[in-house]
Structure formats: structure tokens, C-alpha cells
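Take a look at the structure set out below.
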Amino acid sequence: MISAEKVAALLKRRGVLDGTPVYLDEETQMPVPPLCEFGRYLSTALLDEATLKDYGRVIGRTDDHLAELGSDVLSASESDLVSYRDHRTQWQKKPVGASVWSRESFVLDDFYGFLVDRKILTRRPARVAARGRNALAPRVRSGMDIRHLTFEQYRYFRDVGLGGQLPDSQLNPTFRGWSPLRDRAGADIALGSGTRWREWATVLLPEIGLWPGMPGGGAEFLVQACAKYGKPRTAYVPEDAVASADLFCMLERPEIVRRAARSLERKARDLFVVGEVDVAGGRVRGILDGVVREYEMSAMDAKLRRITVFEGEFGLEALTLFVCRGGLMPGADAWKSYRHRAWTRMTTLADRTTPLLPRRRWRWHDLRHTYALRLLTYLENMMDGEEPDLRARRRRHRSYLTGHIRHNPLLIVSRRLGHANPETTYEYLQYTDDLINEFEAAFSSWIGDDEASYADIASHAISGTTGGR
């Protein structure tokens, strides 16, 4: 009889990671060998759980479509895969765009490359295009979908859509939103920090400075596990954005926590109950699965953060800043629903004083684009003054790249955004010449209700370059 310790050691060494795709035959409910082997192969690629699930769904959808054609992934021809591509991009109820299909075609190419390498197939069903390019991939590389908000648009989104106000700034008596201060704080932090959704929506109370004994003001913390590709960088949240979060913590969060405390007590065995928070060291220590664990906050992924709690005034409460009705951190679907309901309110209440609204709903990521464009424009003007000639501006950027790397606005913004390649940030340049430049007070009054601190953000970004970050 094998002991519990040996079972735990075996699972630790050879257990299937969370999110690993597993494919079962519909009739026998037995694993489908080539598909499950590929799922196991993906799990060794250090992909996060969400990415594993997305890639797994791609193969599952492909297999389902091929089954409708009387084929399968092992006997599929190039025309079968082209049929699947056309189905996804043209004929299904909601066709996907070029960026989504580009990702799916990459997964299919990797899948058939895996089958060939393992000698399961002798060749790929789809030809290899020039320079080894995937023939199923879009022919034209799509650029970034950069969408940004003007000052009026942002305040309308934050105050009317999320905050429950009328366009004239009066209280909306028909507002049925549940936690407007939380949603407003989320928008302010997203805009003020320029972080991705997974980075700002999972922030912990000690990270943002809302923890007993911390001095207050702007907050600076390291993001890693929740960052894209796990690339570490320092995130800075300005004082006004922290104040917006503090207002939520004072007026709304306690009631949410109080109502959910009893439910969390019943779930305590499944939670990471923190007993010690080392703010200076950036570490937490507590009990998870009956074992004492210690983690660096930056190394805690979104899944672990969601179940992290501590003993508060009313009992167990989440260590994350943002909480929902269940007392734990809202997930991606929850934040999506907050944004969709906000859009419905904005369009319903729109009148002649309403700023121009785009045809497509704003995304949380659009606040990151707005941050990048505002900061880039401000740094350019601060360092060189306004330059109306686009060609002169581009010559100036080339000059910075060769002679002033540490003070180049483009590279400063690139580091702040955590872009792996400055070329990604370069795409923002074409947007710094539109109407967004016509606001003289480039960084005033965006966050909070008093004077804005975007100039402080820019100053902090510049000073950060001298510190080696």
C-alpha cells in the first residue's frame, strides 16, 4: 500500500497541471491519444492556465469541425483545414478577426508540427509557405488595435457609466449598479498605472499601500506572475488613483466584506489564509492546504491571489483590493459585465452634451492605450516642445534612440508598459498627432476630482530610468 507522502510526491512530480487540455472520445469516454499527448506537450511549455485552455479549445473546435466533414485531425487534408479557417473567419455566426485567427493558426501549425516530430504523421496537411510561413495564417500582419479616450470620454465612462451619475453630474436616481466606487477605482487605477487588466485587477492591499502602517500617497510595486509572459517590471499608481481606491475601501468594501465573512469561513480549508504580511520584504506567509506556505507577492498568480484571505474586522476577508459579492476577487467575466452594463447606461443616457461615443464598446485595455498616448505626448512636449512637423518628430525619435536612450520618451513609455519590444510602442506614434494633442493641460484632472497627477507620473517615469529599472 502506497503512503500518502509518496502519493503527494508522485503528483508533484508527474501530476497534470491545471488547465492542461484532456480530450475524451464521446462514445467511450476514453482519452484520445494524439490530442491528449499534445495537451501534455503544451503543459510543459510554461504556459499559464488560461493560455492552456485557449489552445486546448482551438484543437477541440478543429476536431469538431473536421468530424462534421467526416474527417479527423489525423486524416485531415489541406482543404479541410481551409474549410475550418473559412468557417471561423467568414461563415460562423460571429466571425473572428485576423488577430484571433492568427493565434489559432499558430496553434494548429504547432499541433501538426508536434505530430510530425512524434512520427504520428509523415507530413503536415497544409503546405509550408515561403520562408517557412504558416500557409493558414493571415497574409497581412494586422497592426495593434489602439483605441484611446479623450478627457471628456473618460470622465463620461467613469462617472456616468461606472459611477451612476447623470451627464450633468447629478445623481442618477435610476442607477441600479451595485458598487460604483469599486468600478470607478478600477478605472482610475487602470488609467493611472497603464497596467494590463490582469495586473491592476489582481492588486493586493499591501501592494497598493492600503495596509496598516503604510504611509499612503502613490504606490509602487513589482508585477511578475500576473504580467504578460511573466516579465517583471515595476508598476506605479499615482496618489489620486490610490485615493480613489481608498474611498472604495472606506465606503463600500467593509459592507461587502461583512456580508461575505460567514461564507468565507465555511470555505477556509480551500483558501490561502495569511497570518503574516511582510510589507518591506514583499512577502506573505500563511496556511494553504494545511501546510504553511510563504510567497513573494509578485510571484503570486491570479488564481492564488483570488483565494488569498486574512483575518479582518469581520472575519476572513480577501487580501485583494477589489472584491465582489462572494467576498473574493472578481474574475474576468465579472469585470467584463461591469463594463458592458456601463456601456448600456452611457448609450441610454446619451444626449447632445455627451462626448462622441465609438461604435464599439470601450475595453479596459483602452485605458492602457490612453495612458501610453498621454504620457508619450507629455514627455515629448516636455523634452522638446511641440513639433508640428511629423517628419521632424520621427527624426527626433531616431536621434533619441542613438544618443539619448535613457531619456527617449518612446523607450520610457515602453518600459512603463512592459513591452518586450520597443517596436510595439512605436505604433503609438501615429496616434499622438490627432485631437488628443489639443488639450493643453495634458495630464490635469483625469484622476480624482482635484488637480491631476499625470505630471507626477511622467516625473516618476523619468526618475525611474536613472535608478536602473
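The values are calculated or read from the model by the stated rules, or taken from the named source; none is laboratory data. These numbers come from a predicted model, not from an experiment. All Cβ positions, glycine included, derive from the backbone under ideal geometry; neighbour counts span all protein chains shown. The area values use the complete protein model at the heavy-atom level, side chains included, leaving out ligands, DNA and RNA. Shrake-Rupley method; radii C 1.70, N 1.55, O 1.52, S 1.80 Å.
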With every protein chain kept in place and a 1.4 Å probe, the residues E199, E239 fall, from largest accessible area down, as E239, E199
For segment 1-104, listing trypsin sites (Lys or Arg not before Pro) in a DSSP loop whose Cβ sees at most 15 other Cβ atoms within 10 Å gives K93
Rounded to one decimal in nm, the spacing of the 7 Å Cα→Cβ label points at T234 and E5 is 4.5 nm
Note to self: with every protein chain in place and a 1.4 Å probe, segment 287-327 gives an accessible area per residue in Å² of 46 Å²
Heavy-atom accessible area of F221, protein chains in place, probe 1.4 angstrom, given in Å² to nearest 10, is 20 Å²
The local net charge around E68, scoring Lys/Arg +1 and Asp/Glu -1 for residues other than E68 whose Cβ lies under 12 Å from its Cβ, equals -3
Burial-style ranking of 300-307, 29-36, average other-beta-carbon count within 10 Å with highest first, yields 300-307, 29-36
Between D301 and E37, the two model label points (7 Å from Cα along the beta-carbon direction) sit apart by a distance in nm of 2.6 nm
If each K or R counts +1 and each D or E counts -1, the residues other than D18 whose Cβ falls under 11 Å of its Cβ total -1
Any lysines whose Cα falls less than 22 Å from that of K231, other than same-chain ones fewer than 8 residues away, would be K53, K303
